[in-house]
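Asks: What follows is a single structure, and I will ask about it in a moment.
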Amino acid sequence: MVNPGAIYVCGATAVGKTSHALALARELAGEIVNGDAYQLFRGIETISAAPSEEEKAAAPHHLFGVLEPGEDCNAGRYAEMAGEVISGITSRGKTAIVVGGSGLYLKFLTHGASPLPKGDKALREEMEKRPLEDLLAELEKLDPVEAAQVDRCNPRYVSRALEICLLTGEKASELRDSWEEKTRSLEASLNGVWLIREREELHRRIGIRTRQMLDEGAIGEVAKLDGISGTWEKAIGVKEIRRLLAGEISREECEELIVFATRQYAKRQETWFRREKWLKRVEL
RNA sequence: GGCCCAAUAGCUCAGUUGGUAGAGCAGCGGAUUGAAAAUCCGCGUGUCCCUGGUUCGAAUCCGGGUUGGGCCA
């Protein structure tokens, strides 16, 4: 499951991962592998801040724009795709440079998937209609340990826990434990960096990039994909641009809202990567 | 120049009949193995514009001022 040959380049959005990875690729004659949940999709290159054509020409790039906007993706599927690509690169004697900011996706790649079942769309839709207390009560019956451990305020986590129990007939808490046990020793063989910038500087870069995105086609991307639903819709900026297109907010308000959401995302990414102790910190 | 209205957290604003203040947003911190750019949790001392006064007690009532806005000249 682990890919010891690969080098991971992680960090918050707009920190400068792409250019850092390109420099690394040149140095090592390496190949870039996307580690970003939304850059997987075709048609949202601008809004997902995917590398430009020029950047992609500078080194071999993999897993950018490989999914149709109508498709759904998840961490397990990503890790499978990326694992194959990395093996291919390694077998050619090259270095894979995985660059991205999607913590959970990367974690699946570096630590492997737990033995838990993947999400079940129909079951989720059904659970979404039930009140949280109801889901908690059922989880309580099937797996009291998990019911005590989960974030009981977060409907996503509660329903996921219940989903695992219903799908496997086993206890989610026990399945999770076995995975954590197995992955504990993997980190010694991992190689990666966490790119860091001061908050103020990161915010400045987010502001600049958001303005560019809106100037350079993000609005058109969202307009063009109107009516197509899927994972892509949850990208930051989509709901804001939809409000702009609907005339609910001005261009300035739209930009401001995207900046806010992006900053908050960057903070969540930092919180995630801070816990990944195997990453070497690199201040930019 | 005269009259009227506003002034409270970084921003937009609440604040009941006087008992020294609280929402949303922003910001900050955190959780997070199959929706993750998702989802969720925690964090609010601020000259209540200034200044006199009334009162046991004023963001709240009264006078004067300052700033902004509106109306009339």
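Asks: Order A:Ile32, A:Ile208, most accessible first, counting only protein heavy atoms with a 1.4 angstrom probe.
Replies: Numbers: A:Ile32 5, A:Ile208 80 Å².
Ranking A:Ile32, A:Ile208 by accessible area, largest first, yields A:Ile208, A:Ile32.
Asks: Quick check on packing: order A:52-61, A:66-75 by the mean number of other C-beta atoms within 10 Å, highest mean leading.
Replies: Details: A:52-61: 14.0, A:66-75: 15.6.
Put in order of decreasing packing, that is A:66-75, A:52-61.
Asks: Mean residue ellipticity at 222 nm from the helices of chain A, using -39,500 (n - 2.57) per DSSP H segment of n ≥ 4 over the full residue count, to the nearest 500 deg cm²/dmol?
Replies: Calculated from helices alone, the mean residue ellipticity at 222 nm is -16500 deg cm²/dmol.
Asks: Follow-up question, since we're still on this one. What distance in nm separates the two pseudo spin-label positions at A:Glu248 and A:Ala188, each 7 Å out from Cα along the beta-carbon direction?
Replies: Here the answer is 5.3 nm between the modelled labels.
Asks: If you don't mind, another one. Explain nothing, just the number: relative contact order of region A:141-221, from Cα pairs under 8 Å at least 6 residues apart, as a whole percent. Could you put the intermediate results ahead of the total?
Replies: Details: 25 pairs, mean separation 15.7, N = 81.
Relative contact order for region A:141-221 comes out at 19 percent.
Asks: Taking all protein chains together and a probe of 1.4 Å, list A:Leu28, A:Leu132 from the most accessible to the least accessible. Provide the component values of the computation, followed by the final result.
Replies: Values: A:Leu28 70, A:Leu132 45 Å².
Correct descending sequence by accessible area is A:Leu28, A:Leu132.
Asks: Separate question: At a threshold of 8 angstrom on Cα-Cα distance, excluding pairs fewer than six apart, so keeping six or more, what relative contact order does chain A reach in percent? Can you show the working numbers first?
Replies: Numbers: 403 pairs, mean separation 80.7, N = 284.
Result for chain A is 28 percent.
Asks: Show me the ranking of peptides A:45-51, A:80-86, A:277-283 by mean Cβ neighbours inside 10 Å, starting with the highest.
Replies: A:45-51, A:80-86, A:277-283
Asks: Express the C-alpha Rg of region A:179-271 as a ratio against the empirical globular expectation 2.2 N^0.38 Å, rounded to two decimals. Numbers along the way, then the final one.
Replies: Values: Rg = 17.5 Å, N = 93, 2.2 N^0.38 = 12.3 Å.
Normalised by 2.2 N^0.38 Å, the Cα Rg of region A:179-271 equals 1.42.
Asks: Something else now. Rounded, prolate or oblate: pick one for region A:1-103, where a ≥ b ≥ c are the square roots of the eigenvalues of its C-alpha gyration tensor, a/c under 1.5 means rounded, and failing that, prolate if a/b is larger than b/c, else oblate. Mind dumping the intermediate values first?
Replies: Numbers: a/c = 1.58, a/b = 1.16, b/c = 1.36.
Cα axes put region A:1-103 in the oblate bin.
Asks: Over region A:163-284, what is the relative contact order in percent, taking alpha-carbon pairs closer than 8 angstrom and at least six residues apart?
Replies: On the way: 63 pairs, mean separation 51.0, N = 122.
Computed over region A:163-284, the figure is 42 percent.
Asks: Write down Rg/Rh for chain A, rounded to two decimals, with Rg from the C-alpha atoms and Rh from the Kirkwood relation over Cα pairs. Don't jump to the answer; show the numbers that get you there.
Replies: Working: Rg = 19.9 Å, Rh = 20.4 Å.
So for chain A, dividing Rg by the Kirkwood Rh gives 0.98.
Asks: Once phi is turned into θ = phi - 60°, what whole-Hz ³J(HN,Hα) does the Karplus curve with 6.51, -1.76 and 1.60 give for every residue of region A:194-199, x standing for Gly and Pro?
Replies: Working through the residues one at a time gives 10, 7, 10, 9, 4, 3 Hz.
Asks: For a label point 7 angstrom out from the Cα of A:Ser178 toward its Cβ, which stretches of region A:94-121 have the backbone nitrogen within less than 15 Å?
Replies: A:113-118
The values are calculated or read from the model by the stated rules, or taken from the named source; none is laboratory data. Quick caveat: nothing in here was measured; it's all calculated off a predicted structure. All Cβ positions, even for glycine, are placed from backbone atoms using ideal geometry, and neighbour counts span all protein chains on display. These accessible areas exclude ligands, DNA and RNA; they are computed on the full protein's heavy atoms, side chains included. Shrake-Rupley method; radii C 1.70, N 1.55, O 1.52, S 1.80 Å.
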